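J.: Got a structure here, written out as structure tokens. Questions coming.
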Amino acid sequence: MSETPSTPLLDQVHIPSDLKRLSDAELQQLARELRTETIAAVSETGGHLGAGLGVVELTVALHHVFDAPRDKIIWDVSHQSYPHKILTGRRDRIRTLRQKGGLSGFTKRSESPYDPFGAAHSSTSISAALGFAVARDLGGACDTGHGDAIAVIGDGAMSAGMAFEALNNAGHLKKRLIVILNDNEMSIAPPVGALSSYLSRLYAGAPFQDFKAAAKGAISMLPSPFQEGARRAKDMLKGLAVGGTLFEELGCSYVGPIDGHDLDQLLPVLRTVKARATGPMLIHVLTKKGKGYAPAESARDGGHATAKFDLVTGKQKKTPSNAPSYTRVFAESLLAEAADDPRICAITAAMPDGTGLDLFAERYPSRLFDVGIAEQHAVTFSAGLAAGGMRPFCALYSTFLQRGYDQVVHDVAIQRLPVRFAIDRAGLVGADGATHAGSFDITFLATLPGFVVMAAADEAELRHMVATAARHDSGPIAFRYPRGEGTGIEMPERGTPLEIGRGRIVQDGADVAILSFGTRLSEVMTACESLRARGITPTVADARFAKPLDAGMILDLVARHDALITIEEGAIGGFGSHVSHLLAESGVFDTGFKFRSMVLPDIFIDQASPADMYATARLSAADIEARVLEVMGLGQVRDKRA
């Protein structure tokens, strides 16, 4: 497989309407070329490989049968949309995926009219598609017109309650809506739960399969008066074999399962549905994640997310690091605490590998609970565990914790239950962009009464915070940490519990104080090295806690300095706002004291490298240095990025 694959048919496709003139045989060749091009592109950019490879034939079939952008094809999560992007006028930019100024790794409304709805979190597609269907029937204005609404959702995403809420509503409204269940038996991690088992039984049961094999092609051979009766008999036998069709009970006509890699099956079914569907229709398609590329097919996660890789071997080209990742430090620290405390258990929402809890599952399988893509349930389940006397660690990415916020408030905070929230991917995350950035957790957690909110300045501090959370039984507690590697600091063998609400002085200085919350501390220290050359040595403190604040330390910093600057990797309304409130209530501002707060700007920052994103956010070492000089009245330092 060369890095510039030969793609004579694909070279003729610039927009989806170009697929209309291709024969079914040519579409099969196009699918092979599209798969080759997708693999070659992702080998250069990195990204989500397996999901896209699993829907190549489905993508070709959808764009051949339907009429995008008039027909709205909505990809759930949309990490499988790279083949879709190649077919919709973006092939010339496909090797800019997930890079600054390049194509998003997900669908994005502002990027193309062929992306009618943006996504990156799961289980939103059916709700959005139903909205388009209702807007169509009510005469809503749309630049591209209104046609069919098609949601493509994976079996993992179907485990989320929102998907069933949408199906239930669609069945009630009886609007023409097409839902394609892309069943690859895997979301990010292998799916868990009763729904996945139900889907497996649906197509794996021997009686059903035997009947389907015997009946294949037979119905079409019967005289027309008998064909409908034969179809009904087939449906009845299917119901007897697998115990009924859940989706039909929700009001959706069900077709399937069919082979999602066989265009000879996909094309007739889609054509028939397009021609005849009147209400909500669910098409059950079986696919294989990573299809057509052996390294992805054999990977445990189906090649979910990869760095750049060698096309021949599939080996990823990762930059080696001597520092452990924050995720690994959390996992190992939790294992150490769990070894001494059988009450410690861990909960994740379909992300055991991403949160490091696969290590916990290996050691303590009976104390690890992967609840599937169901963050709301994960939070309340953790609350129930806490109420029952366990010490639960609910490990979620910051961006996914947002999905369970009502449960955090209603089920955890109000009841003061000691759920420990391990918040991974806090701050800006690079190539996944705004949809995955952990920008808001400080703000939405620190506003809750009785909540303890910590942020680790480095990997050693994270180890201490895991130990702190393990022993905190008086209410909810959260600790946040970023994606990627630590600073390389010397690590303690075990964590030492911190005093709740107590920060630390990192460096004593004069004139101005810098109070850091989280891993921007390393940038603060870099800025201080440059400031030292100017004869300026600020006092630097690590807050450790956004709530409760170390009021004593903060007011002491105020008493000893002319100005205070806070720095955090969070949005407006977070740590700096709490410090500002403390200073206002203490009357500090009445004296003319200078206070500045450095936070993420009031924008969503597009994908780039983390360093570029923090430069955009004005939270780099150069920006910190400039802010110190400004607050001291020494003018702006020249922007070192210019």
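The values are calculated or read from the model by the stated rules, or taken from the named source; none is laboratory data. No experiment lies behind these values; they were computed from the predicted model shown. Here Cβ is always computed from backbone atoms with ideal geometry, including for glycine, and neighbour counts include all displayed protein chains. We work out accessible area using only protein heavy atoms, side chains counted, and drop any ligands, DNA or RNA first. Shrake-Rupley method; radii C 1.70, N 1.55, O 1.52, S 1.80 Å.
J.: Mind jotting down the distance between the C-alpha centroids of the stretch 115-174 and the stretch 1-57, whole Å?
T.: Cα centres, the stretch 1-57 to the stretch 115-174: 26 Å.
J.: With a/c under 1.5 counting as rounded, go ahead and sort the chain into rounded, prolate or oblate using the C-alpha gyration tensor (a ≥ b ≥ c being the square roots of the eigenvalues; past the cut-off, prolate if a/b is larger than b/c, else oblate).
T.: In terms of gyration-tensor shape, prolate.
J.: Amide H of Val453: which non-local residues (sequence gap of 5 or more, or other chain) have their own amide H closer than 5 Å, using H built in the peptide plane?
T.: Ala478, Ala546, Lys547
J.: While we're here: Assuming a ≥ b ≥ c are the square roots of the Cα gyration tensor eigenvalues, decide whether the stretch 513-642 counts as rounded (a/c under 1.5), prolate (otherwise, with a/b larger than b/c) or oblate.
T.: oblate
J.: Does the stretch 327-371 come out rounded, prolate or oblate, given a ≥ b ≥ c as the square roots of the eigenvalues of its C-alpha gyration tensor, rounded meaning a/c under 1.5 and, failing that, prolate meaning a/b above b/c?
T.: Since a/c reaches 1.5 but b/c is at least a/b, the shape of the stretch 327-371 is classed as oblate.
J.: Sticking with this one: So, R0 is 51 Å and r is the distance between the beta-carbons of Arg416 and Asp264; what FRET efficiency does that work out to, to 0.05?
T.: 0.30
J.: I would also like to ask the following. Please go through the stretch 436-521 and write out the GluC sites (Glu not before Pro) that DSSP classes as loop and that have at most 12 other C-beta atoms within 10 Å.
T.: Hits after loop and neighbour filter: Glu490, Glu493, Glu499.
J.: Further question: How many angstrom separate the Cα center of the stretch 439-489 from the Cα center of the stretch 356-396?
T.: Using only Cα atoms to place each centre, the spacing works out to 17 Å.
J.: May I ask you to give the percent of accessible area on the stretch 237-379 that is carbon plus sulfur, with a probe radius of 1.4 Å?
T.: Carbon-and-sulfur percentage of accessible area, whole number: 51.
J.: Given H placed 1.01 Å from N in the peptide plane, which residues other than close sequence neighbours of Gly570 have an amide H under 5 Å from its amide H?
T.: Amide H neighbours of Gly570: Leu600.
J.: Now for a different question. Given H placed on each backbone N at 1.01 Å, which residues far from Lys72 in sequence or on other chains put an amide H within less than 5 Å of it?
T.: Placed amide hydrogens put Gly147, Asp148, Ala149, Ile150 under 5 Å from Lys72.
J.: Now, a different point. Loop only per DSSP, at most 10 neighbouring Cβ atoms within 10 Å: give me the trypsin sites (Lys or Arg not before Pro) in the stretch 349-432, ordered by residue number.
T.: In loop regions of the stretch 349-432 (DSSP not H, G, I, E or B), there are no sparsely surrounded trypsin sites (Lys or Arg not before Pro).
J.: Rank Ala299, Pro482, Gly570 by how far each Cα sits towards the positive end of the charge dipole of the chain (+1 on Lys, Arg Cβ; -1 on Asp, Glu Cβ) and give me just the farthest.
T.: Checking the options against the dipole of the chain, the answer is Ala299.
J.: With helices defined as uninterrupted DSSP H runs, which ones in the chain have an alpha carbon span along their own long axis of at least 20 Å and mean Kyte-Doolittle hydropathy of at least 0.0?
T.: Membrane-span-like by this criterion, though nothing is claimed about a membrane: 326-340.
J.: Defining a contact as two alpha carbons under 8 Å apart and six or more residues distant in sequence, what relative contact order in percent does the chain show?
T.: Value for the chain: 11 percent.
J.: Also, I was wondering about something else. Per residue, how much accessible area does the chain show when a 1.4 Å probe rolls over the protein heavy atoms, in square angstrom?
T.: Accessible area per residue, the chain: 40 Å².
J.: Quick check for me: using +1 on Lys/Arg Cβ and -1 on Asp/Glu Cβ, what's the dipole size of the chain about its Cα centre, in debye to the nearest 20?
T.: Approximately 1020 debye in magnitude.
J.: Considering the options Leu267, Leu357, Ala527, tell which one lies farthest towards the positive end of the dipole of the chain, charges being +1 on Lys and Arg and -1 on Asp and Glu at the Cβ, about the Cα centre.
T.: Towards the positive end, the residue furthest out is Leu267.
J.: From the phi angles alone, apply the Karplus equation (6.51, -1.76, 1.60; θ = phi - 60°) to the stretch 360-368 and give each ³J(HN,Hα) in whole Hz, x where the residue is Gly or Pro.
T.: So the J values, rounded to whole Hz, are 5, 5, 5, 7, 10, x, 7, 10, 10.
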